[in-house]
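J.: Here you go, one structure.
The values are calculated or read from the model by the stated rules, or taken from the named source; none is laboratory data. Bear in mind that the values here come from a model prediction, so they are computed numbers and not experimental data. All Cβ positions, glycine included, derive from the backbone under ideal geometry; neighbour counts span all protein chains shown. Areas reflect the complete protein model, heavy atoms only, side chains present, ligands, DNA and RNA absent. Shrake-Rupley method; radii C 1.70, N 1.55, O 1.52, S 1.80 Å.
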Amino acid sequence: MKVYTKTGDTGTTALFGGTRVPKHHIRIESYGTVDELNSHIGLIRDQDINFHYKEILIQVQDRLFTVGAILATPPEKEILKSGKPRLNIPRIIEGDIELLENEIDDMEQSLPQMTHFVLPGGHTTVSYCHIARCVCRRAERLSVHLNDMEPTDVLVIKYLNRLSDYLFVLARKLSHDLNAEEVKWIPRKD
């Protein structure tokens, strides 16, 4: 199989099921942003961090491929004529969301309580987490927009929401683990 097909040279691309849409279509923006997020998470995983975080991030990357496949499939193409689902992959389930929640709860046990917003930064790895968190929020916003136009699996949106929370807490935990300064945002008084 060649990497280039030339079918997108006119500015359209195919969704799962064969429907062609413009490359700026909200569905393409949604799963393209999930793909971008997955790359940022790979960058975090490539850092010198605790092996447990790397294992969780690999699971997250796997789920993001699932999310991308779900977002790339228009509702009318989800089921084949035979009645079988087009996507032969596991769906996002509540257990995927619970894993993130449990990880958040575990990390927060060793962190000081937040009293202020924190400025992103303090260490390169922490900054990568904050960038991934922001991209995750954008993927979530785009998925919500898509859902307003065409029904989408609600667990996809819930997963992206919880993942952004996880990435925020992971950034704080890595700040703690790396002895990086966590700078509080204290609004100036004019």
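J.: Just name one of LEU99, VAL154, ILE58: the one whose Cα is farthest towards the positive end of the charge dipole of the chain (beta-carbon charges, Lys/Arg +1, Asp/Glu -1).
T.: Result: VAL154, furthest along the dipole toward the positive end.
J.: Let me ask you something else. Can you tell me the relative contact order of the stretch 100-190? Whole percent, Cα pairs under 8 Å, sequence separation 6 or more.
T.: 49
J.: Using Cα centres only, tell me the gap between the stretch 107-121 and the stretch 122-190 in whole Å.
T.: Each part's Cα centre sits 13 Å from the other's.
J.: Next up: Near LYS189, which aspartates and glutamates are there with a Cα under 19 Å away, not counting those fewer than 8 places off in the same chain?
T.: Within reach: none.
J.: For the chain, what does the accessible surface come to per residue with a 1.4 Å probe? Please give it in Å².
T.: 59
J.: If you don't mind, there's one more thing I want to ask. Counting only chymotrypsin sites (Phe, Trp or Tyr not before Pro) that are in a DSSP loop and have at most 13 other C-beta atoms within 10 Å, tell me the longest site-free stretch of the chain.
T.: So the longest stretch without any such site is 5-116.
J.: Could I ask something else about it? Longest exposed-loop-site-free stretch of the chain, with trypsin sites (Lys or Arg not before Pro), DSSP loop and at most 11 other Cβ within 10 Å?
T.: After excluding every exposed loop site, the longest remaining stretch is 82-187.
J.: Let me ask something else. Return the FRET efficiency for the residue pair VAL3, LEU178: r is the Cβ-Cβ distance, R0 is 45 Å, and the value is rounded to the nearest 0.05.
T.: After rounding to 0.05, the efficiency reads 0.75.
J.: Determine the share of the chain's accessible area contributed by carbon and sulfur atoms, expressed in whole percent, with a 1.4 angstrom probe.
T.: Roughly 54 percent, rounded to a whole number.
J.: Roughly speaking, what is the stretch gain from VAL144 to THR19, that is 0.36 nm per residue apart minus the C-alpha to C-alpha distance, in nm to one decimal?
T.: Separation in residues times 0.36 nm, less the Cα-Cα distance, equals 42.9 nm.
J.: Relative to the present Cα-Cα distance, how much length would full extension add between ASP35 and THR10 at 0.36 nm per residue of separation?
T.: On the way: separation 25, 0.36 × 25 = 9.00 nm, distance 2.19 nm.
Separation in residues times 0.36 nm, less the Cα-Cα distance, equals 6.8 nm.
J.: Could you give the DSSP H helices of the chain that reach 24 angstrom or more along their long axis (alpha carbon positions) and whose average Kyte-Doolittle hydropathy is no lower than 0.0?
T.: Values: long enough: 26-45 (28 Å, -0.04); 51-71 (30 Å, 0.60); 124-149 (38 Å, -0.06); 154-177 (34 Å, 0.41).
Passing helices, by number: 51-71, 154-177.
J.: Tell me, in nm to one decimal, what length is gained between ILE89 and ILE186 on full extension, where the rule is 0.36 nm per residue of separation less the Cα-Cα distance?
T.: 30.3 nm
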